[in-house]
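**Q** I am attaching a structure below and will ask some questions about it afterwards.
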Amino acid sequence: MLRRVLAPLLLAALAACGGPGLPTRSQSLAQALQNAPEAMELEPLSVRQELLRELYRAASAQAGQPLEGAFVFPVAQSGAIEGAPAMDPHADLFLTADAGEPWQLVFEGRGERFGEERRDSFQGLSEREAAELVARSLMHLWHLTPSSPVRVERVTGAPYAAAWVDGVLRINPVLLPLAASPAP
């Protein structure tokens, strides 16, 4: 008797488990920015694309606003800090459109170093090469006109994706696998 009752219950429980579903996003953009960049590289493409869309939405909402709380793209120039200019939500940060601007980027500094090994998560580029494309794209999209070499710094765990602070572009490496995952 017990066997007749338990067998259907067990079958129903197993059927309810189902198979693997679609990947779901397990973290917010703010959480993702403060995690290790390697963790973002392991996320499914659809999750990275959704986080990139969320990044662009947040950037549009914060564009030109004075700094209050955490911004995804803060820009500090001449003593004022505000959100960077809005970007096209379909912008490809790996497609640099600097139109031959003579910007000299400097990656050697006393902080963290960008990796030099090529990775699939960066479309076959190294982390440093990906950072250079993203840096040039952001500088172009933000209409920056530096008069001296721009130092590009790697800042793991920063609460922002990238920040411009008086001639220094600080890039959270979590931005790079997101930038390498543009929406179709």
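The values are calculated or read from the model by the stated rules, or taken from the named source; none is laboratory data. All of these numbers come straight from a predicted model, not from anything done at the bench. Neighbour counts are summed over all protein chains in view; Cβ atoms, including those assigned to glycine, are modelled from backbone coordinates with ideal geometry.
**Q** Say whether the condition of being charged (D, E, K, R), crowded, with 17+ Cβ neighbours inside 10 Å and in a strand (DSSP E or B) is met by at least one residue in the stretch 162-170.
**A** Yes, because at least one residue in the stretch 162-170 is charged (D, E, K, R), crowded, with 17+ Cβ neighbours inside 10 Å and in a strand (DSSP E or B).
**Q** Sticking with this one: Confirm whether ARG170 is of a type in the set (Lys, Arg), within 27 Å of PRO44 (Cα to Cα) and without any contact (Cβ under 8 Å) to a residue 12 or more places away in the chain.
**A** no
**Q** Now a separate question. When you check ALA80 against the structure, is it surrounded by 15 or more Cβ atoms within 10 Å (Cβ to Cβ) and either in contact with a helix residue (DSSP H, G or I) (Cβ under 8 Å, 6 or more places away or on another chain) or on the phi < 0 side of the Ramachandran plot (or both), yes or no?
**A** No; evaluated as a whole, the condition is false for this residue.
**Q** Of the residues ALA158, ALA180, only one is over 18 Å from ALA30 (Cα atoms) and either buried (at least 18 other Cβ atoms within 10 Å of the Cβ) or modelled with pLDDT under 85 (or both); which?
**A** Details: ALA158 fails: over 18 Å from ALA30 (Cα atoms).
After ruling out the rest, the residue left standing is ALA180.
**Q** Let me ask something additional. Within the set of pairs 6+ apart or on separate chains, which have a first residue in the stretch 22-51 that is farther than 20 Å from ALA130 by Cβ and surrounded by fewer than 19 Cβ atoms within 10 Å (Cβ to Cβ), a second that is of a type in the set (Ser, Thr, Tyr) and at pLDDT 85 or above, and C-beta atoms under 8 Å apart?
**A** The qualifying pairs are LEU22/SER46; PRO23/SER46.
**Q** Is the stretch 86-103 home to any residue that is β-branched (Val, Ile, Thr) and either without any contact (Cβ under 8 Å) to a residue 40 or more places away in the chain or part of a helix (DSSP H, G or I) (or both)?
**A** Within the stretch 86-103 (the criterion being β-branched (Val, Ile, Thr) and either without any contact (Cβ under 8 Å) to a residue 40 or more places away in the chain or part of a helix (DSSP H, G or I) (or both)), the answer is no, since none of the residues qualifies.
**Q** Restricted to the stretch 115-130, and to residues that are outside any strand (DSSP E or B), at pLDDT 90 or above and not acidic (Asp, Glu), which residue is farthest from LEU93 (Cα to Cα)?
**A** Filtering first and then ranking leaves GLY115.
**Q** Can you say whether ARG136 is surrounded by 17 or more Cβ atoms within 10 Å (Cβ to Cβ), among the basic types (Lys, Arg), modelled with pLDDT of 90 or more and part of a strand (DSSP E or B), as far as the supplied structure shows? Give the derivation first.
**A** Values: surrounded by 17 or more Cβ atoms within 10 Å (Cβ to Cβ): yes; among the basic types (Lys, Arg): yes; modelled with pLDDT of 90 or more: yes; part of a strand (DSSP E or B): no.
Answer is no for this residue.
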